[in-house]
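Contents: one structure, followed by commentary.
The values are calculated or read from the model by the stated rules, or taken from the named source; none is laboratory data. The model shown is predicted, which means the values in this text are computed figures rather than measured ones. When we count neighbours, we look across all protein chains shown, and the Cβ atoms used for this are built from the backbone with ideal geometry, even at glycine. Ligands, DNA and RNA are stripped out before the accessible areas are found, and what is left, the full protein with its side chains, is counted by its heavy atoms. Shrake-Rupley method; radii C 1.70, N 1.55, O 1.52, S 1.80 Å.
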Amino acid sequence: MYSEKVLDHFSNPRNVGEIEDADGVGEVGNPACGDMMTIYIKVDDGKLTNIKFKTFGCGAAIATSSMITEMAMGMTIEEALEITRDSVADALDGLPPVKLHCSNLAADGLHAAIEDYLKKKETGN
Amino acid sequence: MDHGATTRPDPEVVNAMLPFYDEFFGNASSLHSIGQEAAQALASSRKTVADLLGAEAGEIIFTSGGTESDNLALKGIAYLKKNKGKHIITSVIEHPAILNTCKYLGDMGYRITYVPVDDQGLVDPADVEDAVTDDTILISVMHANNEIGTIQPIEEISAIAHKHGVLVHTDAVQSVGKMPVNVDDLGVDMLSISAHKIYGPKGVGALYVRKGTRLQGLSQGGSHEMGKRAGTENIPGIVGMAKAVELARHRLDGDIKYLDNLRDTMIRKILDLIPESYLNGHPTKRLCNNVHVRFSYVEGESLLMMLDMKGVAVSTGSACSSKSLEPSHVLAALGIVPEEIHGNLRITLGHENTMDEVDYVVENLVDIVKKLRAMSPIAPKI
């Protein structure tokens, strides 16, 4: 059902945790639906210098969360905003069709964290 | 530890079946001696299955499994009695083989009442009685639930049905082999069983139909199975089922005692060692091999996958694990809140499991829940 890469990221997820003084936090999903993700970013000079996540959900939800932290680490904000649900799934050598929508929250989570960062920067908080 | 899904056929079952694939390949309808060998095997298998249920051989119809038995019972009565009435009563926690057959009959113009269950999965017979109308032709309530293992008060439901002149069917696919199942004690008119849940082969089951109960067959053809199920009989499968039934009958008392102990130990250890873990289903009116638990803040498919990586096979009613992405209708019927409905596991034991394996599963489960909670944004920080 799942690719080797998904199983690897699921069983050894990278960058799990929280960032106390995060520059942006993105929260997507809903525990009632079975998937929820919170992603934390640190930004320095327009680049993502640290990314951490916490995810409640199925194997695909955890693997996509882990994958996107690896993909986006070191990217500029503009580059990170280019990451899509499909590119995360592709980086994991694909996801079962039924998982492509519900559990593939990572790109949404990362984008939400970046938006949070940009909003905070704009308002100066 | 997923014996509720299926079981490994007993070597004795496989050995009993093999000669009927080559040496005794006859058609039980043929009059020559090759055919008559098959006919004899069919007759003695029918007697074996009937004996397990306290029935007569002529009351057993062999089918392709539990799903077909359920379809035959419901549609067979519904079609035959359509001029007498079009109302059927069932429960909200039935197996899809019943629920979807009822839905189909509902689309065909029958009226279906789905009685609720309490938070431990029990049907209240009073709800069944309240639902009976002049139009009611059949009541179908499962003997034991396939997910949470709750055992229903079928005797009481049968008494109510017969008081009102209504037929009763029960799906006993999960209960046979795990508790005594006697059609007279239960008082049912029809009862479905399946071979592969009791260490028998897949693709074969049976429907018990009480003598004198008329039923319309669902496929047109020859007069096999007392005219109620056309098609050349699956003799190897039926012989395998009979062997599985014979073994189940022989092992029943020992299995119940053995599995009760494994089940209770596993439930107690899980609830003791894992904070915010809960038992789903009834604490005592429960199949001897069923452990169904839920854990706050984690999701069932992740639990299942991590156990799988440790060599343990279980199942879950989590939405994420189902093709429909809907959480289990059974757990929803218990009133479990949406936030908690996903973190459930069904562990169904079999007689080849050991106490060491129970300990192994519990130890791993403790670690896995801890690991997933550490990753979960909704878990309280420790």
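Report the per residue volume, in Å³, of the convex hull enclosing the C-alpha atoms of segment B:243-290. Display every interim value, and only then the final one.
Values: hull volume 3.8 nm³, N = 48.
Each residue corresponds to 78 Å³ of Cα convex hull volume.
Give, to the nearest whole percent, the P(r) tail of segment B:273-375 beyond 19 angstrom, counting all Cα pairs. Please list the in-between numbers first.
On the way: 2143 of 5253 pairs.
More than 19 Å apart: 41 percent of the Cα pairs in segment B:273-375.
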Net charge near B:Ala16, counting Lys/Arg +1 and Asp/Glu -1 over other residues with Cβ under 10 Å of its Cβ?
-> -2
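Compute the projected area of the convex hull of the Cα atoms of segment A:57-124, averaged over all viewing directions, and report it in nm² to one decimal place. Please list the in-between numbers first.
Values: hull surface 19.0 nm².
The orientation-averaged projected area of the Cα hull of segment A:57-124 comes to 4.7 nm².
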For segment B:280-293, in residue order, the Karplus 3J(HN,Hα) values (coefficients 6.51, -1.76, 1.60; θ = phi - 60°; whole Hz; Gly and Pro = x) are 9, x, 8, x, 10, 7, 9, 4, 5, 10, 9, 10, 10, 10
Can you list, bin by bin at 20 Å, the percent of alpha carbon pairs in the protein assembly as shown, starting at 0?
-> 22, 44, 26, 7, 0
Please report the buried accessible area for the interface of A with B, total over both chains, probe 1.4 Å, in Å² to the nearest 100.
-> 1900 Å²
With the label point 7 Å along the Cα-to-beta-carbon line of B:Asp51 and a cut-off under 16 Å to each amide N, the hits in segment B:242-262 are B:242-253
So what are the radius of gyration and Dmax for the Cα set of segment B:48-184, in Å?
-> 14.2, 39
Among the helices of chain B (complete DSSP H runs), which have Cα atoms covering no less than 20 Å along the helix axis and a Kyte-Doolittle mean of at least 1.6?
-> none
Segment B:72-117: Rg/Rh from Cα coordinates, Kirkwood Rh?
-> 0.94
Partner shielding of B:371-381, taken as the mean number of other chain Cβ atoms within 10 Å, equals 5
Segment B:147-207 - accessible surface per residue (Å², probe 1.4 Å) | 26 Å²
Return one number: the angle in degrees, 0 to 90 and rounded to the nearest 10, between the long axis of the Cα atoms of helix A:106-123 and the longest principal axis of the Cα atoms of chain A.
-> 10 degrees
Springs between alpha-carbon atoms under 10 Å, Gaussian network over chain B: tell me which of B:Lys86, B:Lys228, B:Lys371 tops the mean-square fluctuations.
-> B:Lys371
If you plug each phi of segment A:15-28 into the Karplus form 6.51 cos²θ - 1.76 cosθ + 1.60 with θ = phi - 60°, what whole-Hz ³J(HN,Hα) values come out, in order, with x for Gly and Pro?
-> 6, 7, x, 10, 10, 3, 9, 4, 7, x, 10, x, 10, 9
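At 0.36 nm per residue, and after removing the present C-alpha to C-alpha distance, how many nm does the segment from B:Asp264 to B:Val92 gain when stretched out fully? Intermediate values should be presented prior to the final figure.
On the way: separation 172, 0.36 × 172 = 61.92 nm, distance 2.69 nm.
Stretched fully, the B:Asp264-B:Val92 segment lengthens by 59.2 nm.
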Charge context of B:Tyr258, other residues only, Cβ under 15 angstrom, K/R +1, D/E -1 = -3
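Just the number please: accessible area per residue for segment A:4-76, 1.4 Å probe, all protein chains included, in Å². List each step's numbers first, then the result.
Numbers: 2670 Å² over 73 residues.
It amounts to 37 Å² per residue over segment A:4-76.
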Where Rh is the Kirkwood radius over Cα pairs, Rg/Rh for chain B | 0.99
Segment B:231-284-segment B:24-82 distance, computed between alpha-carbon centres (Å) | 25 Å
Spelling it out for B:Glu299: with amide H atoms placed in the peptide plane at 1.01 Å from N, the residues 5 or more places away or on another chain with amide H under 5 Å from its amide H are A:Gly57
Pairs of Cα atoms farther than 20 Å apart, segment B:1-123, % | 63 percent
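Excluding A:Ile77 itself, what net charge comes from residues whose Cβ is under 15 Å from its Cβ, given Lys and Arg +1 and Asp and Glu -1?
Numbers: positive: A:Lys42, A:Lys47, A:Lys119, A:Lys120, A:Lys121; negative: A:Asp23, A:Asp44, A:Asp45, A:Glu78, A:Glu79, A:Glu82, A:Glu115, A:Asp116, A:Glu122.
Net local charge, A:Ile77 excluded: -4.
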Carbon/sulfur accessible area of segment A:31-84, % of total, 1.4 Å probe, equals 49 percent
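Expressed as a whole percentage, what fraction of the accessible surface of segment B:257-334 belongs to carbon and sulfur atoms when a 1.4 Å probe is rolled over the protein heavy atoms?
Working: 1640 of 3080 Å².
After summing per-atom areas, the C and S share lands at 53 percent.
Quick check: at a probe of 1.4 Å, how many percent of the accessible area of segment B:1-66 sits on carbon and sulfur atoms?
On the way: 1830 of 3220 Å².
Roughly 57 percent of what the probe reaches on segment B:1-66 is carbon or sulfur.
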Largest to smallest accessible area among A:Glu79, B:Glu68, A:Glu4 [probe 1.4 Å] = A:Glu4, A:Glu79, B:Glu68
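Mean residue ellipticity at 222 nm from the helices of the protein assembly as shown, using -39,500 (n - 2.57) per DSSP H segment of n ≥ 4 over the full residue count, to the nearest 500 deg cm²/dmol?
It comes out at -13000 deg cm²/dmol, rounded to the nearest 500.
Could you state the orientation-averaged shadow area of the convex hull built on the Cα atoms of chain A, in nm² to one decimal? Before the final figure, lay out the partial values.
Numbers: hull surface 28.7 nm².
Taking a quarter of the hull surface, the average projection is 7.2 nm².
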Other chains' Cβ within 10 Å of A:23-33 residues: what's the mean?
-> 3
If you count, for every residue in A:56-66, the Cβ atoms of partner chains within 10 Å of its Cβ, what is the mean?
-> 6
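Go through A:Phe53, B:Phe25 and list them by solvent-accessible area, largest first, probe radius 1.4 Å.
Details: A:Phe53 0, B:Phe25 135 Å².
Highest to lowest solvent-accessible surface, that is B:Phe25, A:Phe53.
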Estimated FRET transfer efficiency when R0 is 56 angstrom, pair B:Leu18-A:Thr84 (beta carbons, to 0.05) | 0.55
For segment B:131-192 and segment A:55-74, compute the distance between their C-alpha centroids and round to whole Å.
-> 48 Å
Would you mind computing Rg(Cα) / (2.2 N^0.38 Å) for segment B:201-318, counting N as its residues?
-> 1.54
For B:Glu155, the accessible surface traced by a 1.4 Å probe with all protein chains present amounts, in square angstrom to the nearest 10, to 100 Å²
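What's the Cα-based Rg to Rh of segment A:1-51, Rh via Kirkwood? Please list the in-between numbers first.
Numbers: Rg = 13.7 Å, Rh = 12.9 Å.
Looking at segment A:1-51, the ratio lands at 1.06.
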Compute, for B:Thr133, the solvent-accessible surface of its heavy atoms (probe 1.4 Å) with the complete set of protein chains present, and express it in square angstrom to the nearest 10.
-> 50 Å²
